[in-house]
Amino acid sequence: MSAAATITKSRGFPLVLSVGALVAFIVMVELLIRVGVINRFIVPMPSEIISAFPRIVQEEGVISRFFFTAGEAFSASILVSLFGVAGGVLLYQFRLLRRATETWVAAVAAAPLVLIYPLYLVIFGRNATTIVMMGFTAGLAPVILKTLEGLSGTRRVLINVGRSFNLTSSQQFWKILFPAALPTIFVGLRLGLIFALINIVGVEFLINFGGLGQLINELAERYDLAGTYAAICFVILVSVCVFMLTERLERWLRPVD
Amino acid sequence: MAAVTLPSERGAGAPGAKPQDAILVVDGISKQFETPEGVVRALDNVSLTVAPGEFVGVIGPSGCGKSTLFNIIGGLLDGYDGSVRVAGEPVRGPHPSIGMIFQEESTFPWRTVLDNVAFPLEIAGVPRAERYDKARHFVSLVGLDGFERRYPAELSGGMRQRVSMARTLAASPKIMLMDEPFASLDEQTRLLLGDKVLQIQQELKQTTLLITHNITEAVQLSDRVLVMTYRPGKMKRMVDIRLPRPRTSEVVSSEAFGRYVAQIWSDLREEASRGMRDDEARQRTEHK
């Protein structure tokens, strides 16, 4: 085997490649800004963003804001997972309910739900509850739809195996339907949690309250571009944490696929 | 190779069973389906008895209602005329005495081989240590030692069907129903798996009803073969397979085996042709 083939087949190569690609992208953006192809008053230089990190940590309290937003995202994730999966199961169990509401749920999934934040402000007030409920509302529909899709897509033969072993309805659900539907349910959860996070940060920004969204709003108002982009990196970090958590949970619930 | 006994020389008693001795009695089963094209009569007055320890094959052309019969006996289909009894008990739904092996791949992809096989024992509430001991026994019986911790995705099609078989056997059914379990496998794997089924049947004296459209498989494995007509599925002929046991796949090269295959094919040919003509006529109508 050649040396190149050995390297590409090594376990750490994908990680090296992904970090290398990111570094190459950052260097390229830096160069394009320095030579004037990209306007430095619209996109700050990556080197400036990196140097803004200590400042936003010390002066803007970005770590506590990160945990505030992560806490909101976590709360919304729990609600989205519980109510979304339960909703999908209900629609699967009751055909009439499914026929009556599936189109509506699909329409809600495609709607720009962030526009209802004034209503939530009236109902819940200008506080974290409004932000969490906005995240929950935005993330719910994809989870319901994907749960329904996963349960409906369970292969008939697996259901028949369960029937042939005389399983009760509860056993049929927990031993066959649910594990069979898990991969699709997790696709829904990932989508739902992305929608939830976008709305959480978006509403923080809009109502100027809470964690990273508020900080981004304030930094943008001050035209502190480097600080704004550095804060956006923390939003990406929340997203990465949510993704890693769902991936771990999926591997724990269904170790192979 | 084992010596082949010709039909007239067979010393063992006839494998047919009187209803009172039979473990499975299928009595006058008729079934029809409502379709957009009208009522389709799938089965018409099918009767069958299976004695304890007997291996009975059911063969017929596509569309003869073999799988409908499988689902009715397994308790997965209702709304039919006639009755099914297992050890004297009427079957009105899935019955603990009946184990089913399906044509499609039916292992649980999220469970290891051992967990798949232990599944019916887990449902029955067998304590963990005991159920894994039993599951290991059945994994070994189907020849999958060393694969206990593998997932189905890591196995070949033939190995997965053996996992399904071990899982069904772990439930200790009185009757094992098999619906074309090797249909998706190549001919050589099918013959070798036939050997495994013969070996298991020999070891456990497992009463088995095999639904198949493969004549070689039916003759290789069965004590009797029920030949069915094309739609509506009716009993055309019951053929006693008087080949000696224990058998292996080597029996396929014997003269008597060839004669049984020819005999069943002569019965099936007319039915298969009828089915083909029917299909062609349907295709023409659909594409007009």
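The values are calculated or read from the model by the stated rules, or taken from the named source; none is laboratory data. A quick note: this is a predicted structure, and the numbers were derived from the prediction, not measured. Reconstructed Cβ throughout: ideal geometry from the backbone, glycine too, with neighbour counts over all protein chains shown. Note: accessible area is taken over every heavy atom of the protein model, side chains too, but ligands, DNA and RNA are not part of it. Shrake-Rupley method; radii C 1.70, N 1.55, O 1.52, S 1.80 Å.
Provide the solvent-accessible area of B:THR112, counting protein heavy atoms only and rolling a 1.4 Å probe, rounded to the nearest 10 Å².
Roughly 10 Å² of B:THR112 is accessible to a 1.4 Å probe.
Using bins 5 angstrom wide from zero, how does P(r) for chain B break down, in % of all Cα pairs?
Per 5 Å bin, starting at zero, the Cα-Cα P(r) for chain B comes out as 1, 5, 12, 15, 17, 16, 14, 10, 6, 2, 1, 0, 0 percent.
Between chains A and B, what is the buried accessible area summed over both chains (1.4 Å probe, protein heavy atoms, nearest 100 Å²)?
Between A and B, the summed buried area is about 1900 Å².
Using the Cα gyration tensor of the range A:155-257, with a ≥ b ≥ c the square roots of its eigenvalues, what is the shape: rounded (a/c below 1.5), prolate (a/b larger than b/c) or oblate (neither)?
The shape class here is prolate.
Keeping all protein chains in the complex and leaving out DNA, RNA and ligands, what accessible area do you get for B:ASP21 with a 1.4 Å probe, in Å² to the nearest 10?
90
For chain B, what is the charge dipole size about the Cα centre, in debye to the nearest 20, if Lys and Arg each add +1 at the Cβ and Asp and Glu each add -1 at the Cβ?
Here the size comes out at about 240 debye.
May I ask you to list, by number, the DSSP H helices of chain A whose Cα span along the axis is at least 27 Å and whose average Kyte-Doolittle hydropathy reaches 0.5 or more? Working shown, then result.
Details: long enough: A:13-34 (31 Å, 2.24); A:62-93 (45 Å, 1.37); A:128-152 (36 Å, 1.23); A:178-207 (41 Å, 1.93); A:225-253 (42 Å, 1.44).
Taking the DSSP H segments of chain A (at least 27 Å long, mean hydropathy at least 0.5), we get A:13-34, A:62-93, A:128-152, A:178-207, A:225-253.
Once the Cβ-Cβ distance between A:VAL19 and A:ARG251 is put in as r, and R0 is 22 Å, what FRET efficiency do you end up with, to the nearest 0.05?
Efficiency for this residue pair is about 0.45.
P(r) for the range A:12-74, please, calculated from all Cα pair distances in 10 Å bins and given in %.
19, 28, 36, 16, 0
Between A:ARG34 and B:ARG245, what is the spin-label point distance in nm, taking each point 7 Å from the Cα along the Cα→C-beta axis?
Each label point lies 7 Å from its Cα, and together they span 8.4 nm.
Taking only the alpha-carbon positions of chain A and ignoring solvent, what does the Debye formula give for the base-10 log of I(q)/I(0) at q = 0.11, 0.17 Å⁻¹?
Taken in order of the listed q values, log10 I(q)/I(0) reads -0.77, -1.23.
Run the paramagnetic zone check for A:ARG156: 7 angstrom along Cα to Cβ, then residues of the range B:69-88 with backbone nitrogen under 15 Å.
Answer for the range B:69-88: B:69-72, B:76-78.
Heavy-atom accessible area per residue, the range A:1-41, 1.4 Å probe: how many Å²?
On the way: 3410 Å² over 41 residues.
Solvent-accessible surface per residue comes out at 83 Å².
As a test of understanding, state the convex hull volume per residue of the protein assembly as shown from its alpha carbons, in Å³. Could you put the intermediate results ahead of the total?
Working: hull volume 133.1 nm³, N = 545.
Value for the protein assembly as shown: 244 Å³ per residue.
Largest first and to the nearest Å, give the Cα extent of the range B:85-209 along each principal axis.
40, 36, 25
Label B:GLU89 and A:GLN171 with points 7 Å out from Cα along Cα→Cβ: what is the distance between them in nm?
Roughly 1.4 nm, to one decimal.
Most mobile of B:GLY38, B:GLY63, B:GLY82 per a Gaussian network model of chain B (Cα springs, under 10 Å)?
Most flexible of the set in this elastic network: B:GLY38.
Residues of the range A:154-172 losing 10 Å² or more of accessible surface, assembly versus chain alone, probe 1.4 Å, please list them.
With the partner chains in place, the range A:154-172 has these residues losing at least 10 Å²: A:ARG155, A:VAL157, A:LEU158, A:ASN160, A:VAL161, A:ARG163, A:SER164, A:PHE165, A:ASN166, A:LEU167, A:GLN171.
When all protein chains stay in place, what accessible area (Å², nearest 10, 1.4 Å probe) is found for A:PHE68?
Result for A:PHE68: roughly 80 Å² accessible.
At a threshold of 8 angstrom on Cα-Cα distance, excluding pairs fewer than six apart, so keeping six or more, what relative contact order does the range A:5-106 reach in percent?
10
Give the Kirkwood hydrodynamic radius (Å, one decimal) of the range B:146-211, defined as one over the mean of 1/r across all pairs of different Cα atoms.
Final number for the Kirkwood radius of the range B:146-211 is 12.6 Å.
Put simply, what bits of the range B:93-140 lose 20 Å² or more of accessible area when the other protein chains are there, versus the chain on its own (1.4 Å probe)?
B:PRO94, B:MET100, B:PHE102, B:GLU104, B:GLU105, B:SER106, B:PHE108, B:PRO109, B:TRP110, B:PHE119, B:GLU122, B:ILE123
Out of every Cα pair in the range A:48-124, what percent are spaced more than 19 Å from each other?
Numbers: 1856 of 2926 pairs.
Here the tail beyond 19 Å accounts for 63 percent of pairs.
Where does each of B:202-211, B:158-167 land if you order them by average Cβ count within 10 Å, highest first?
B:158-167, B:202-211
Would you mind checking A:LYS175/B:LYS134; A:LYS175/B:LYS196; B:LYS134/B:LYS174; B:LYS174/B:LYS196 for any pair whose Cα atoms are more than 24 angstrom apart? Let's see the in-between values first.
Values: A:LYS175/B:LYS134 20 Å; A:LYS175/B:LYS196 29 Å; B:LYS134/B:LYS174 17 Å; B:LYS174/B:LYS196 19 Å.
Pairs exceeding 24 Å: A:LYS175/B:LYS196.
Which whole-number value in Å² is the accessible area per residue of the range B:126-265, probe 1.4 Å? Please list the in-between numbers first.
Numbers: 5630 Å² over 140 residues.
Accessible area per residue, the range B:126-265: 40 Å².
For B:HIS137 and B:GLU34 in one chain, what is 0.36 nm times their gap in residues minus the Cα-Cα distance, to one decimal in nm? Kindly include the intermediate steps, with their values, before the conclusion.
Numbers: separation 103, 0.36 × 103 = 37.08 nm, distance 4.49 nm.
Difference between extended and current length: 32.6 nm.
Mark the label point 7 Å from the Cα of A:ILE198 along Cα→Cβ and return the residues of the range A:110-135 whose backbone N is within less than 11 Å of it.
Correct set: A:110-114.
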